[in-house]
1. Against the definition (crowded, with 18+ Cβ neighbours inside 10 Å, assigned to a helix (DSSP H, G or I) and touching a helix residue (DSSP H, G or I) at 6+ places or on another chain (Cβ under 7 Å)), how does L227 come out, yes or no?
2. So which of R39, R15 ends up being of a type in the set (K, R), within 11 Å of the ligand (Cβ to nearest atom), modelled with pLDDT of 95 or more and not in a strand (DSSP E or B)?
3. Keeping to the stretch 237-248, report how many residues are surrounded by fewer than 20 Cβ atoms within 10 Å (Cβ to Cβ), within 27 Å of P308 (Cβ to Cβ) and in contact with a helix residue (DSSP H, G or I) (Cβ under 8 Å, 6 or more places away or on another chain).
4. Which residues, taken from the stretch 456-478, are part of a strand (DSSP E or B) and free of Cβ contacts under 8 Å to residues at least 12 places away in the same chain?
5. Regarding N187, is this residue under 30 Å from F250 (Cβ atoms) and in contact with a Ser or Thr (Cβ under 6 Å, 6 or more places away or on another chain)?
6. Filter the stretch 289-307 down to the residues that are out of contact with any Gly (no Cβ under 8 Å at 6 or more places or on another chain) and not in a helix (DSSP H, G or I), then identify the one that is farthest from R226 (Cα to Cα).
7. Can you work out which of the residues in the stretch 18-36 that are touching a strand residue (DSSP E or B) at 6+ places or on another chain (Cβ under 7 Å) and β-branched (V, I, T) is nearest to the ligand (Cβ to nearest atom)?
8. For the structure I just gave you, tell me whether G94 is under 24 Å from Q343 (Cα atoms) and not acidic (D, E).
Amino acid sequence: GTAQIGVTGLAVMGRNLARNFARNGYTVALHNRTASRTRELVEQFGDEGTFVPAETAEEFVAALERPRRLVVMVKAGAPTDAVIDEFAPLLEPGDMIIDGGNAHFADTRRREAALRERGLHFVGTGVSGGEEGALNGPSIMPGGSAESYASLGPMLEKISAKAADGSPCCTHIGPDGAGHFVKMVHNGIEYADMQLIAEAYDLLRHAAGYEPARIAEVFRGWNAGRLDSYLIEITAEVLAHVDAATGKPFVDVVLDQAEQKGTGRWTVQIALDLGVPVSGIAEAVFARSLSGHAGQRAVGRGLAGPTPSPLAADEAEAFAAQVEQALYASKLVSYAQGFHQLQAAGAEYSWTLDLGAIAGIWRGGCIIRAAFLDRITAAYAKDPALPSLLADEGFAAELGAAQDAWRQVVATATRSGIPAPGFSTALAYYDALRAPRLPAALIQGQRDFFGAHTYHRVDRDGVFHTLWSDGRVEERQS
Ligand code: NBP
C-alpha cells in the first residue's frame, strides 16, 4: 500500500481528520461502514489531497503502507469494538490502531491490553476541538506505547493546532488509556469553566442589573486581560447575539436546561473512585443536571427568597470588577482540582504524566484554550513536583489578592438568592486547604462512637478507640 494513514469512520469528525491529513501532504486511505460516505468525501474534497478510497476492510488494509496506521473515528462504545474486531485479524505485528473517538479510558486500557497480546499497538487518542478542530488543527492527546508514538507522533503533531509560540498541540501523554483520561479531564475542566462563566453572567445580570449586551462588553474587556480565552470570547458573542425572530437577547429565548454528553460525569465518577475532590467539576455537572429537572424546579417557585436589594449604579461597576476576581480565582481552583486528578491517576495507573506539557497542548485547538495555560506550564517547569497549582507562588499571590473580592461576590450571591455553586465551592475548597484544623476530627469521633471505626491522635502514633460508656481509651493493633 501507499497510504501513510487510513481513516475509517467518515462522519463529521473522521471526514475532517482525513481532509486535515490530506491537506498536510499525507496519502490517506478512506473507509466507512456505509460506502456512500466514502464516495461523497472523494467527490466533494478529492482535490484537497491524495485519497485512496476503499469499499471493503481488506481493500482498506491493503491500501496502507507498513507498519499500518489506521485511525478509527466511529461512535464510541460498541461500534469501536466492532471495528476493532473487523480489522485486527487483517493486521500484522507492529501495526497501529488509533482510536480518536471519545472512549472511556477503562475501555481503552482493556482494548490496548488485548491488542498488545496480538502484537498490535492500540493508541487511544483524545481529539478536542470538535469538527472545526478536526479540520483545521485539533488538540491531540495520544496514549499508547512510546514505540507507536515514534512512528505516529510526527504526523499527529503536523495536523494538530499550533500554540501562539508555534509548538504543536500534541504530545505523547503516556501508555494505554492515559490519552483518553487526559481528554476526559479536559472536558471536565471545560464544564467547570463554562459553569463559572455562566455564574458570572447571572450575577452581572441579576445582582448588578446589567443587560446581556452590556455584559457582552464586560466579557470583551475581561478577554483582553488574564481571563483571555476562547470560552470568554464566545460567551461575549453569544450574549451580544439578538434573536432574529423576536428581537430579544438570544440568551432569553433559549430554554434554560443544559444538556450533557457524559464526559463531565465520567470525570466526576472517576474522581470519586480516586478519592480526589474535584468539587468545581462536580458542581458544574450537578448544575446542568439540576437545570434539566423541570419538575423539581417547579417546586422551587413556591419557595421563599430574600427581599431583592439591587446594587446602585455606582456599586455595579465595582461589583463587576469583583466578579472578574471571583471568576479568575474559582477558575484557578478548578484547574488545580483537575490537575490533582491527573496527578492521582498517574500514580494509580503508573503513568508518568508531564502536567506542564499537558497544559501546553491545551493552548490551541481545544475548547479550554486560554492564555492562562502558559502560566500552568511555567509553574510546572519551575517545579515539576508541584503538589498543587495553588502551591505555585504566583498563583497563591493572585488568590491572596483576589480573596476579598471573591468573598464579597459569594456573599452578594448568597444575600441576593442567586445560586453560585461554582464560586462557592471553589472558595470553600480554598478555605479548607488553608484551615489549620478541619472538623474532620469531629467526624472521626462520631465514627468511633457509632462504629468503633478508631482514630489517630495528634500527640501519639497508633490506632485508638474510646470506650464511650466509660471514657477509657484502648490502643488497637494497627
Ligand atoms: P458519530 O459518533 O456520529 O459516529 C458515526 C460513525 O460511526 C459513522 O461513520 C458510522 O458509520 C460509524 N459506525 C457506527 Br454509528 N456504528 C458502527 C459499527 N458498528 N461499525 C462500523 N462503523 C460504525 O460520528 P462523529 O460525530 O464524527 O464522532 C466520531 C467520534 O469522535 C465519536 O467517538 C465522538 O465521540 C468523537 N468526537 C466527536 C466530536 C464532535 O464534536 N462531534 C468531538 C470530539 C470527539 P455509518 O456511516 O456506516 O453509519
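1. no
2. R15
3. Step one: of the stretch 237-248, the residues surrounded by fewer than 20 Cβ atoms within 10 Å (Cβ to Cβ) are 237-238, 240-248.
From what is left, the residues that are within 27 Å of P308 (Cβ to Cβ) are 238, 240, 242-243, 246-248.
Within this subset, residues satisfying the condition of being in contact with a helix residue (DSSP H, G or I) (Cβ under 8 Å, 6 or more places away or on another chain) are 238, 240, 242-243, 246.
Residues meeting the conditions: 5.
4. L467, R472, V473, E474 - these are the residues of the stretch 456-478 that are part of a strand (DSSP E or B) and free of Cβ contacts under 8 Å to residues at least 12 places away in the same chain.
5. Values: under 30 Å from F250 (Cβ atoms): yes; in contact with a Ser or Thr (Cβ under 6 Å, 6 or more places away or on another chain): yes.
It is true that N187 is under 30 Å from F250 (Cβ atoms) and in contact with a Ser or Thr (Cβ under 6 Å, 6 or more places away or on another chain).
6. Result: G302.
7. Applying the first criterion (touching a strand residue (DSSP E or B) at 6+ places or on another chain (Cβ under 7 Å)) to the stretch 18-36 yields 18, 21-22, 26-32.
Pick out the ones that are also β-branched (V, I, T) and you get 27-28.
Details: T27: 21, V28: 15 Å.
Looking at the filtered set, the residue picked out is V28.
8. On the way: under 24 Å from Q343 (Cα atoms): no; not acidic (D, E): yes.
Judged against the criteria, G94 is not a match.
The values are calculated or read from the model by the stated rules, or taken from the named source; none is laboratory data. Since the model is a prediction, treat every value here as computed from it, not as a measurement. Neighbour counts are summed over all protein chains in view; Cβ atoms, including those assigned to glycine, are modelled from backbone coordinates with ideal geometry.
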